[in-house]
Amino acid sequence: MSDESSQDRRMNELWQSQPTEGVRMSVEQIQASAGKFQRKIQFRNVREYFGAAAVLVFAGFEFWHAGDLLVRIGFGLIAAGTFYLVWHLLSRGSTRTLPEDRGRSSFIEFQRGELTRQRDLLTSVWRWYLGPLVPGMAVLLVAFARANPGHIKHPSFVVVPEAIFFAACFLAIAKLNATAARRLQRQIDELDQATLES
């Protein structure tokens, strides 16, 4: 009984110590993954463009109907920041055409480049997405505090809760983007591993 157990253990150790071949991703798998990723990015961009259009319509309406100069400046800055983030998303976040060469290495290289571009876009969200909206928000907070006669002696009663709300929203957006960037980095690492194993 002990001899059989010892032999089983040796066979098990021998089997576990054998070199294993990594899972090789096929061209079709990489192509399907690239196509799915592109559709996801296109959907995200369309959603962002619709959101930006809604902000621009609202900011434009408020700009033309506001009687206070500071309010108009605030909404004008928000519109300018929105135009900038749309331009940045168009120029840096749009999907690219799949490569003509249908080889495995060209698909891996293409997909890695796309993942890297989108990861970098997400990690820099404060510079191009949130940051450009801050000046307009700040001006509007000051304008709203000044326009509230009930709290003119203590404008912080008006400004502080709204500032906290906007800051919390911005931090939540930044955190969501950082989480998505980490997921993209994991996918990049998987592609790098697939390249090493090929």
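A few notes on this one:
- For region 61-135, trypsin sites (Lys or Arg not before Pro) meeting the loop criterion (DSSP other than H, G, I, E, B) and having at most 12 other Cβ atoms within 10 Å: ARG96, ARG102.
- Restricting region 91-127 to GluC sites (Glu not before Pro) that sit in a DSSP loop and have at most 14 other Cβ atoms within 10 Å of their own Cβ leaves GLU100.
- Per-residue 3J(HN,Hα) values for region 89-100, derived from phi via the Karplus relation 6.51 cos²θ - 1.76 cosθ + 1.60 with θ = phi - 60°, read 5, 5, 7, 10, x, 6, 6, 10, 6, 4, x, 5 Hz in sequence order (x marks Gly and Pro).
- Cα gyration tensor category, rounded, prolate or oblate, for region 26-197 with a/c compared to 1.5: prolate
- Modelled spin labels at PHE83 and ARG186, positioned 7 Å past Cα toward Cβ, are 4.0 nm from each other.
- Virtual spin-label span in nm between GLU28 and ARG146, 7 Å along Cα→Cβ: 6.6
- Inter-label distance, ALA174 to ALA66: 2.4 nm, where each label sits 7 Å from its Cα along the C-beta direction.
Every number in this text was worked out from the coordinates using simple rules, so none of it is lab data. Model, not experiment: these values are computed from the prediction. Counting neighbours? That spans all protein chains shown, and the Cβs are built from the backbone with ideal geometry, glycine included.
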